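Scroll down for the structure; my scribbles are underneath it.
What follows is calculated from the coordinates using simple rules that are stated; it is not laboratory data. Note that the coordinates shown come from a computational prediction; the quantities given were computed from them, not determined experimentally. Methodologically, a virtual Cβ is constructed for each residue, glycine included, from the backbone with ideal geometry; neighbour enumeration extends over all protein chains shown.
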């Protein structure tokens, strides 16, 4: 994954929910180019940040053994723009898990105010369908999770820290 749209995990409970931050910075090229003269984080990138966090929540539920991809954005409501200098708090909650995918609801808050509400659906890619092999090169997903402080906060439903995953 080339772009991270989550800067840091602050909470992660396996099979339940996750939270984290995205800092909106003018140093990011997408922000400067999206709406000249009015720098803001483009709404699709807010959706992508929530999808990255939600996808990790779903993938971890399956011990990173399934290839999880965003399949559908069910609802996306934006209450205000995310401007430079803002810090978005993303919260993602797993709603349901089926054999072929999962659903999550997510919110973004800024300065204590609701910024966005997004419902997401994820699908599992079976071997041979659209892609063969893993979605990430060896060690890339683990490195990404380390950069976002996932392993500092991730716990199971009983509050126990995670062991190392064999599929990372």
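Here are the numbers for the structure shown:
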read-out	value
Degrees between helix 43-61 axis and first principal axis of the chain (Cα, 0 to 90, nearest 10)	20 degrees
The chain: relative contact order in percent, alpha carbon pairs under 8 Å with at least 6 residues between	27 percent
Convex hull volume of region 19-108 per residue (C-alpha atoms, cubic angstrom)	104 Å³
Residue exposure sequence - 95, 86 - by fewest surrounding Cβ within 10 Å	95, 86
Relative exposure of 75, 22, 93, judged by other C-beta atoms within 10 Å (fewest first)	75, 93, 22
Measure of compaction for the chain (Cα Rg per 2.2 N^0.38 Å)	1.02
Sequence of 94, 144 once ranked by neighbouring C-beta atoms within 10 Å, starting from the fewest	144, 94
